[in-house]
Amino acid sequence: MGRKSQGGVTQPSVNIQMCLLVAVVIFSLVSTSSQSKNDGEGYFPCNKTQFASGDSFVCQCNSTYCDTIEGYLPLLADHFTYYTSSKASDRFAKRIAPISAKSNASASTVNLTINTSDLYQKVLGFGGAVTDSMALSVKNLSAATQNHLIRSYYSADGLEYTFSRINIGTCDFSKRPYSLCESENDFALTNFSLADEDINYKIPVLHAAMEASVRPLKFFCTQWSPPKWMKTSGTYRYRGQVIGEPGGKYYKTLALYLAKFIEGYAKHNVSMWGMTIQNEPWAGAIKDQPNACNYMTPQLERDFVKRDLGPTLEEHGLGHVNIMMLDDQRFELPDWPVVVLGDSEAEKYIKGIAVHWYWDKEAPTLKLDLTNNLFPDKFILYTEACEGTSATPGVKVDLGVWARGERFSQSIIENMSHWVTGWVDWNMALNIQGGPSWIAHKLNAPIIVDAEYDVFYKQPMFYHLGHFSKFVLPDSSRVGLKIDQSEDQKLEAISFLRPDGIVALVVINVQEDPIPISINHSTTGFLDAIVPARSIQTYLWKATHS
């Protein structure tokens, strides 16, 4: 029998873990590669672990073993390489097959036609948030296990994330409410200082990410609440906003506060690629809002940017930082951007529009299309998404639920098919209870850490995200894709042309039966394959033209 953690998740028994440990030791003795030093040359399969809470398995990692992704370069001439992850068996299983001069399609085959001359938006990248809780969960592991977790996300044999989001001061995934200047009426912020959470938790994780990554990383920061003495509520949460109006001393101080955070991280060799103005600005209008928040209307955001934030960043030599507006739900499009970007003084400072996924079902993708049509020079980036909200009874950490990963992939395909340039997950890792959180918020995450046993579990969500982040490089362009299928077939797909000339096609089958496919790239040939039941695949081949 297994034991149950405090979060109610059944754990493997000690005997099973001992058997696994012995197997790992034997594997290590016969292996010629050092897993902790592996830079993509070796391949380590999933150490499968099944929990009662899941309909699929997770991959367990510890100090001596962690699964990796087998490399795909160089691609074989006249062949395609594809990776499969499935509910039943696979995690990044690599296969190679020949490209044909003609299709083997039958009446039941789904035909996908790729047009790499039909170019759409460029990709910024994929990633997840390094919150206080994420960094603390990592820190509670041994150094070797920490290394495996960071490499799983950032290294050449991992997902190769390029984005990380960092909270400024407290957020819902912090252990305590706090700001970076608690001295009341300190408008010059003479007592500003980074917190212990920054110095000893998040910054070390970011340093480790930079060391592990072979791709350039983009860090961006987000505020949930300013210091409480700046707010009408006098507290981090509940209904409240910055005192006064943009251009006044409180808003000027807030702009300085945000600039000092960016400067503080730069002193620790962590440069910010971007920032969002305010996390979910409408949340601060809710009377009993339990989370740290700060109310802003589009008019307040517009005026804050042009009167305070934009000029302050430029005065501090931070004009290169990409300011993203909104950082809230899709249903706010395109009205919110119309107010903010319709003002030329505000518009000149803003580079992009940040969106969260939580209310997507209430807002059609047409809103993304309209926003892009109105503001084609501003990128749209999805900056937060997560599964297992504590508002859902009984749903917190349920290890190995395949549908959670499917929802991530479906969201990425849906939104990037409508001009979104990238997709950033919420907490990259949480503890076995789905925290910690000072407001007792519990969520699921792609990686769950059980520090008591010095292990972490890679969930289906992790692998679904990787089918995009690993293979769809920054600066790839979305390309034309036509899918011909019957009404009862539910294949979803999206295609990209990478800057190195490789075509990447991601497909999802959410049905309980396999689907045969034939991919037609007119200048290359036909790629015939099977998409297994409840699976996600990434196909890669070298285009014969640029």
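The values are calculated or read from the model by the stated rules, or taken from the named source; none is laboratory data. Quantities reported herein were computed from a predicted structural model and do not represent experimental measurements. Ideal geometry is used to build each Cβ from the backbone, glycine not excepted, and the neighbour counts take in all protein chains shown.
Within segment 513-531, residues that are on the phi > 0 side of the Ramachandran plot sit with their Cβ atoms under 8 Å from residues that are crowded, with 19+ Cβ neighbours inside 10 Å, at 6+ positions apart or across chains, in these pairs: GLY525/ILE99. Summed over segment 404-419, the residues that are within 20 Å of VAL479 (Cβ to Cβ) and either modelled with pLDDT under 95 or crowded, with 23+ Cβ neighbours inside 10 Å (or both) give a count of 4. When segment 427-445 is filtered for residues that are surrounded by fewer than 24 Cβ atoms within 10 Å (Cβ to Cβ), closer than 18 Å to VAL401 by Cβ and hydrophobic (A, V, I, L, M, F, W, C), only LEU443 remains. Only one of the numbered conditions (1) closer than 24 Å to ARG404 by Cα; (2) among the polar types (S, T, N, Q); (3) part of a loop (DSSP other than H, G, I, E, B) is violated by THR523, and that is (1). When the residues of segment 533-543 are filtered to those that are under 24 Å from PRO74 (Cα atoms) and aliphatic (A, V, I, L, M), the one that is surrounded by the fewest Cβ atoms within 10 Å (Cβ to Cβ) is ALA543. Here TYR251, TYR238 are screened, and the one residue that is in the same structural domain as ARG330 (by TED's automatic domain parsing), on the phi < 0 side of the Ramachandran plot and modelled with pLDDT of 95 or more is TYR251.
No other residue among ILE530, ILE517, ILE448 is more than 19 Å from the chain's Cα centre (by Cα), of a type in the set (Val, Ile, Thr), buried (at least 23 other Cβ atoms within 10 Å of the Cβ) and within 30 Å of PHE57 (Cα to Cα) apart from ILE517. Inclusion of ASP186 among residues that are surrounded by 21 or more Cβ atoms within 10 Å (Cβ to Cβ) and out of contact with any strand residue (DSSP E or B) (no Cβ under 7 Å at 6 or more places or on another chain) is not warranted. Looking only at segment 115-151, filter to residues that are in contact with a Leu (Cβ under 7 Å, 6 or more places away or on another chain), of a type in the set (Ser, Thr, Tyr) and buried (at least 24 other Cβ atoms within 10 Å of the Cβ); which one of those is nearest to TYR453 (Cα to Cα)? The residue in question is SER137.
Among the residues of segment 460-486, those identified as within 24 Å of ARG215 (Cα to Cα) and either without any contact (Cβ under 8 Å) to a residue 60 or more places away in the chain or outside any helix (DSSP H, G or I) (or both) are LYS470, PHE471, VAL472, LEU473, PRO474, ASP475, SER476, SER477, ARG478, VAL479. One residue alone among ALA156, ALA129 is assigned to a loop (DSSP other than H, G, I, E, B) and either assigned by TED's automatic domain parsing to the domain that holds SER437 or within 19 Å of the chain's Cα centre (by Cα) (or both), and that residue is ALA156. The single residue among PHE126, PHE80 that is among the aromatic types (Phe, Trp, Tyr), closer than 28 Å to TRP426 by Cβ and in contact (Cβ under 8 Å) with a residue 40 or more places away in the chain turns out to be PHE126. Can you find a residue in segment 176-191 that is not β-branched (Val, Ile, Thr) and not in a loop (DSSP other than H, G, I, E, B)? Checked against the condition, which is being not β-branched (Val, Ile, Thr) and not in a loop (DSSP other than H, G, I, E, B), segment 176-191 yields no hits at all.
TYR178 - would you say it is on the phi < 0 side of the Ramachandran plot, buried (at least 24 other Cβ atoms within 10 Å of the Cβ), modelled with pLDDT of 95 or more and aromatic (Phe, Trp, Tyr)? Here the answer is no, as TYR178 does not meet what is asked. Does PRO246 count as part of a loop (DSSP other than H, G, I, E, B) and either more than 26 Å from the chain's Cα centre (by Cα) or at pLDDT below 95 (or both)? Criteria met by PRO246.
The set of residues from segment 216-235 being under 22 Å from ILE323 (Cα atoms) and surrounded by fewer than 17 Cβ atoms within 10 Å (Cβ to Cβ) comprises just one member, PRO216.
When restricted to residues that are farther than 22 Å from VAL340 by Cα and in contact (Cβ under 8 Å) with a residue 40 or more places away in the chain, segment 258-285 contains 11.
Taken residue by residue, segment 194-203 has at least one member that is polar (S, T, N, Q), loosely packed, with under 14 Cβ neighbours inside 10 Å and assigned by TED's automatic domain parsing to the domain that holds ASP328. From the list THR109, THR116, THR170, the lone residue that is touching a residue at least 12 places away in the same chain (Cβ under 8 Å) and within 24 Å of the chain's Cα centre (by Cα) is THR170.
For ASP454, the conditions (1) crowded, with 24+ Cβ neighbours inside 10 Å; (2) in contact with a helix residue (DSSP H, G or I) (Cβ under 9 Å, 6 or more places away or on another chain); (3) under 30 Å from ALA143 (Cβ atoms) all hold with the exception of (1). When segment 387-403 is filtered for residues that are buried (at least 18 other Cβ atoms within 10 Å of the Cβ), at pLDDT 95 or above and on the phi < 0 side of the Ramachandran plot, the ones remaining, listed by number, are LEU399, VAL401, TRP402.
Residue by residue, here is whether (1) modelled with pLDDT under 95; (2) outside the structural domain of ALA445 (by TED's automatic domain parsing); (3) buried (at least 23 other Cβ atoms within 10 Å of the Cβ) holds:
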| residue | (1), (2), (3) |
| --- | --- |
| LEU481 | no, yes, no |
| ASP484 | no, yes, no |
| ASP488 | yes, yes, no |
| PHE496 | no, yes, yes |
| ALA504 | no, yes, no |
